[in-house]
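Q: One structure, pasted below without further comment.
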Amino acid sequence: MAGNMFESFTPFRQFRSESAPPADGHNNSVLSQWDTSSDIQEEDRWECCPRLTFQERLIGFCMCFIAGWIVSFVSFGSFAQMLTGHPTRFAVGYSFGNIMSICSTGFLVGPSKQVRNMFHRKRWIASVTYLSCLILTLICCFFLQVGLLQGLLIVLCVVCQFCAMVWYCLSYIPYGRTMATRILGFGGE
């Protein structure tokens, strides 16, 4: 029943598996043209998973996203170790959790479209900042051995990672960035 509800909603029709009959029982020519368009066929070539139903994609997204946040949250258990000169557990855990969370949207739109969305003109600065801070976090962890300064640089990179991710996510919410800047006092009336 839930699968039919999602399949009958127009934006989700593209996620129906090829073997499943249309939700209304008829071969809708507009739907079949949309399902066989070159964009979707090209997109499928780069999918890491075979065609999935919308429900399967939603489950994959939720599991990957929640697992990513759990890994990031659990990494804070080793925050004190990072400040004492052992940053690997925290930096790798937090970064891996963030990678899992950002990759989770690949289940919904596909990996190549996710990358295109990340570098859209509204999001490219946040995406580059996020990815740069993620890489810098790992560089500071593995290649910079300067004690407390190393821990402080990792904290700075993690804070910047988090802020860039929030700014990136706000770009998907209509007027999200405008509301955030006004709430924080950076925007005018």
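The values are calculated or read from the model by the stated rules, or taken from the named source; none is laboratory data. Keep in mind that this is a model prediction, so the values were computed, not measured. Don't worry about glycine lacking a Cβ; one is built from the backbone with ideal geometry, like all the others, and counts go over all protein chains shown.
Q: Can you say whether LEU184 is at pLDDT 85 or above and not aromatic (Phe, Trp, Tyr), as far as the supplied structure shows? Write out each step before concluding.
A: On the way: at pLDDT 85 or above: yes; not aromatic (Phe, Trp, Tyr): yes.
So LEU184 fits the description; yes.
Q: Quick one: which residue in CYS103, CYS160 is under 30 Å from GLU56 (Cα atoms) and either part of a helix (DSSP H, G or I) or aliphatic (A, V, I, L, M) (or both)?
A: Details: CYS160 fails: under 30 Å from GLU56 (Cα atoms).
Only one candidate qualifies: CYS103.
Q: Take the conditions farther than 24 Å from ARG177 by Cα, part of a helix (DSSP H, G or I), polar (S, T, N, Q) and in the same structural domain as GLY60 (by TED's automatic domain parsing) and apply them to THR129. Does it pass? Give the steps one after another, and end with the answer.
A: Numbers: farther than 24 Å from ARG177 by Cα: no; part of a helix (DSSP H, G or I): yes; polar (S, T, N, Q): yes; in the same structural domain as GLY60 (by TED's automatic domain parsing): yes.
So THR129 does not fit the description; no.
Q: Does region 119-131 contain any residue that is over 16 Å from the mean Cα position of the chain (by Cα), modelled with pLDDT of 90 or more and hydroxyl-bearing (Ser, Thr, Tyr)?
A: Looking through region 119-131, none of the residues is over 16 Å from the mean Cα position of the chain (by Cα), modelled with pLDDT of 90 or more and hydroxyl-bearing (Ser, Thr, Tyr).
Q: Somewhere in region 181-189, is a residue assigned to a helix (DSSP H, G or I), over 12 Å from the mean Cα position of the chain (by Cα) and loosely packed, with under 12 Cβ neighbours inside 10 Å?
A: From region 181-189, those assigned to a helix (DSSP H, G or I) are 181-183; that's our starting set.
Right, trim to over 12 Å from the mean Cα position of the chain (by Cα) and you get 181-183.
From the residues that got through so far, the ones that are loosely packed, with under 12 Cβ neighbours inside 10 Å too are 183.
Yes: region 181-189 contains one or more residues that are assigned to a helix (DSSP H, G or I), over 12 Å from the mean Cα position of the chain (by Cα) and loosely packed, with under 12 Cβ neighbours inside 10 Å.
Q: Could you tell me which residue of region 138-154 is nearest to the chain's Cα centre (by Cα), considering only residues that are at negative phi and outside any helix (DSSP H, G or I)?
A: LEU144
Q: Provide a single number: the residues in region 84-99 that are assigned to a helix (DSSP H, G or I), in contact (Cβ under 8 Å) with a residue 24 or more places away in the chain and either in contact with a Pro (Cβ under 9 Å, 6 or more places away or on another chain) or under 18 Å from CYS160 (Cβ atoms) (or both).
A: Initial filter on region 84-99 (assigned to a helix (DSSP H, G or I)): 88-99.
Subsequent filtering for residues that are in contact (Cβ under 8 Å) with a residue 24 or more places away in the chain retains 88, 90-92, 94-99.
In the following step, the residues that additionally are either in contact with a Pro (Cβ under 9 Å, 6 or more places away or on another chain) or under 18 Å from CYS160 (Cβ atoms) (or both) were identified as 90-92, 94-99.
Looking only at that region, the number is 9.
Q: Identify the residue in region 65-100 that is closer than 22 Å to LEU52 by Cα and crowded, with 19+ Cβ neighbours inside 10 Å and, among all such residues, is nearest to the chain's Cα centre (by Cα).
A: MET100
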